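The structure appears below as structure tokens.
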Amino acid sequence: MLQLSGAGKRFGPRLLFENADWLITPNEKTALVGANGAGKSTLMKILGGMDSLDYGSTQRMRGMSIGYLPQDGLTLSGRTVFEECLSVFDELRAMEREFEALSTALSELDPESPEYAAVADRFSHVESRLRHHNVYALDAEVGAVLTGLGFSKEDWTRRTEEFSGGWQMRIALAKLLLEQPDLLLLDEPTNHLDLETRNWLENYLSTWPNGYILISHDRYFLDVTVNKIVEIWNKGLHFYHGNYEKYLQQKTERRAQLESAYRNQREHIEHLEAFISRFRYQATKAKQVQSRIKELEKIERIEIPLEEPTPHFTFPQPPPSGRTVVEVSGLSMRYGKKRVLEDVNFTIDRGDRIALVGVNGAGKSTLIRLLSGQESPTHGTLKLGHNVLAEYFAQDQYKVLDPAARMLDDIGRAAPKVPEKDLRSLLGCFLFSGEDVFKPLGVLSGGERNRYALARILVSPANFLLLDEPTNHLDLRAKDVLLEAIGKFNGTVIFVSHDRYFIDGLAQKVFEVAKAEDPARGSAVHVFPGNYEDYLWRKEGGAAALAAQTAAAAPPVVEAPLPVAPAPAVQPAAPAKRLNPIRLRQMQDRLALVEAEIPRVETSLARTEEALGVYVSAEETQRLSDELSALRQQQALLTSEWEELSMQIEEQTAVTGG
């Protein structure tokens with residue numbers, strides 16, 4: 001469908017890639033990955049026809065359609081959102097009008113005339129095209145895509161120019177999805193999407209009928225949407241089959257193989273060089289020496305490229321806070337007449353790792369600003385606990401930086417007691433090395449400034465971190481390092497992120513900021529234990545289903561021990577007496593019953609413990625706790641009885657000699 005042959009591209013004096021061959025098939029489901037600056041977006045533009053190669057050629061199948069979504073920069077105006085999206089079907093709409101005109105012409109023309117035959121032929125063709133595209137369902141199709149991308153019905157009639165840059169990109173994405181080009185090129189499509197919209201896009205792409213290539217720094221998104229990885233690395237294209245997780249495994253294996261081949265080659269080269277050096281001046285070995293010199297010249301040397309720099313850092317471990325970090329009661333927040341949050345109640349404990357989730361506009365950033373003290377609630381109380389030191393990282397943290405200040409000077413003022421060498425080491429962790437640390441902050445890109453702002457908060461210890469989109473502008477490897485560092489941090493963290501993998505790897509609780517059905521009311525906050533996967537499971541009815549299954553299954557009824565005549569006390573010092581054979585048979589029967597009962601109780605115990613791990617309500621938790629206690633007591637009684645019966649039967653067997 002599309003082919004690159006011997007492709008090469010430079011960015012100024014720097015070579016991005018060369019001698020690249022890539023055959024793109026009709027059902028391509030591929031992610032383009034590589035370090036920042038490797039040339040991913042440039043290659044995407046080349047595939048889309050917005051840029052050209054410096055070397056090699058591109059061949060495209062005739063009639064092939066390509067849709068390209070850049071990272072940002074698109075601006076739409078002049079129409080409503082619905083009209084803008086419907087415009088992708090202008091050709092079909094024109095065909096629909098032609099169909100009506102042809103119908104009228106057929107009713108007026110003489111069926112025997114040549115004109116009638118020509119119109120009838122065109123009518124048949126147009127009718128077939130309209131039936132194939134189901135033109136009567138276009139409005140519904142547009143509505144479904146707009147709803148999936150987070151547009152309310154009220155938004156459909158708003159002018160496109162009323163929307164911010166992020167929502168403009170959503171409109172552009174909606175148009176591409178409705179257009180269904182043969183090859184879809186998406187450069188960071190999840191940048192401006194909340195979690196719910198990302199989930200919808202994942203499902204939508206799972207049924208996409210054509211091929212697509214995407215760039216994303218969202219690891220979970222890559223894992224569920226692609227089956228092939230193309231990496232720009234070491235000035236070449238490298239291909240891996242599978243999702244991102246499999247790519248990481250295969251890349252590790254490939255590097256291990258490359259290092260092994262390099263070691264073997266070095267040993268061979270050293271052996272040849274040693275032979276040449278030893279016998280170079282011996283006439284009797286001249287032929288062998290020349291042979292080895294030629295062999296050495298023909299060897300294509302294996303090179304091990306240097307690993308890309310990866311930021312490594314550790315949060316400063318702060319002094320501990322009190323057990324309760326924040327206590328929120330009856331909190332409400334308004335901006336004029338607009339209610340954002342209403343009657344919010346929760347407690348944050350020391351060591352909590354909390355993810356704030358919710359649709360865009362629900363109030364996540366407002367809540368995190370309230371918790372950080374940047375704003376004060378309209379009503380209610382928000383009380384910080386003992387010795388709580390808060391540090392706040394905003395989405396646009398870089399905007400508060402002094403653009404004229406040099407990087408090293410600015411971070412030095414934030415941490416006057418930290419030696420310069422330590423500050424430079426920290427900046428190096430965030431990929432600012434050498435002369436970069438002397439650059440004015442104003443010359444950095446938005447992503448670089450945000451990365452610097454994140455480094456800046458690390459030099460002042462705090463035991464309560466509030467992070468609003470900390471993973472923005474970080475690549476996949478930097479996100480992994482940040483995730484590891486926060487995992488080792490012994491303070492409390494509450495964060496907003498739209499990265500599924502990051503949330504699942506960090507969150508121990510999820511606070512959902514949920515919009516009220518009544519638009520006049522503010523959002524509520526619902527607390528869910530576990531990570532984002534657990535939250536989704538509960539939202540989709542998993543907890544209720546499990547509770548229903550537990551109730552429907554054989555419930556772990558706490559039963560009294562099975563009736564048995566009291567066994568005579570065993571006196572260790574006295575010789576065992578021979579029991580009546582009938583009594584011995586009763587004991588053996590009872591032992592069999594107890595042996596069968598113990599596994600049943602153990603199964604009930606396991607089922608109850610599993611149910612207790614899923615929070616449904618406080619009442620259900622209390623009921624299950626009582627049930628668990630009774631089952632454990634029953635297990636102890638049965639085990640004790642089994643041991644006593646076994647010992648007595650064993651003694652009687654010894655007395656009777658069989």
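The values are calculated or read from the model by the stated rules, or taken from the named source; none is laboratory data. All of these numbers come straight from a predicted model, not from anything done at the bench. Here the Cβ positions follow ideal geometry from the backbone for every residue, glycine too, while neighbour counts run over all protein chains shown.
Here residue 484 fulfils each of the conditions (1) under 22 Å from residue 365 (Cβ atoms); (2) without any contact (Cβ under 8 Å) to a residue 60 or more places away in the chain; (3) assigned to a helix (DSSP H, G or I) apart from (1). For residue 146, are the conditions met, namely being within 27 Å of the chain's Cα centre (by Cα), touching a residue at least 12 places away in the same chain (Cβ under 8 Å) and under 21 Å from residue 74 (Cβ atoms)? The answer is yes for residue 146. The criterion of being surrounded by 18 or more Cβ atoms within 10 Å (Cβ to Cβ), in contact with a helix residue (DSSP H, G or I) (Cβ under 8 Å, 6 or more places away or on another chain) and aliphatic (A, V, I, L, M) does not hold for residue 462. When 654, 573 are screened for being assigned to a helix (DSSP H, G or I), of a type in the set (A, V, I, L, M, F, W, C), at pLDDT below 80 and surrounded by fewer than 16 Cβ atoms within 10 Å (Cβ to Cβ), only 654 passes. Determine whether region 386-407 contains at least one residue that is part of a helix (DSSP H, G or I), farther than 28 Å from residue 326 by Cβ and either in the same structural domain as residue 37 (by TED's automatic domain parsing) or not small (Gly, Ala, Ser) (or both). Yes, that holds for at least one residue. Selection within region 251-291: residues that are surrounded by 12 or more Cβ atoms within 10 Å (Cβ to Cβ) and of a type in the set (Phe, Trp, Tyr). The member of this set that is nearest to residue 237 (Cα to Cα) is 262. Looking only at region 580-630, residues that are under 40 Å from the mean Cα position of the chain (by Cα) and either in a helix (DSSP H, G or I) or modelled with pLDDT of 70 or more (or both) come to 23 in all. Scanning region 506-524 for residues that are out of contact with any Leu (no Cβ under 7 Å at 6 or more places or on another chain) and modelled with pLDDT of 90 or more yields a total of 7. Restricted to region 327-365, and to residues there that are outside any strand (DSSP E or B) and aliphatic (A, V, I, L, M), the residue that is surrounded by the most Cβ atoms within 10 Å (Cβ to Cβ) is 362.
Where helices (runs of 4 or more DSSP H) sit wholly within region 164-229, those with at least 3 residues that are more than 25 Å from residue 82 (Cβ to Cβ) occupy 219-225.
I need the full set of residues from region 36-78 which are under 29 Å from residue 158 (Cβ atoms), assigned to a strand (DSSP E or B) and touching a Gly at 6+ places or on another chain (Cβ under 9 Å), in order please. Selection gives 67, 68.
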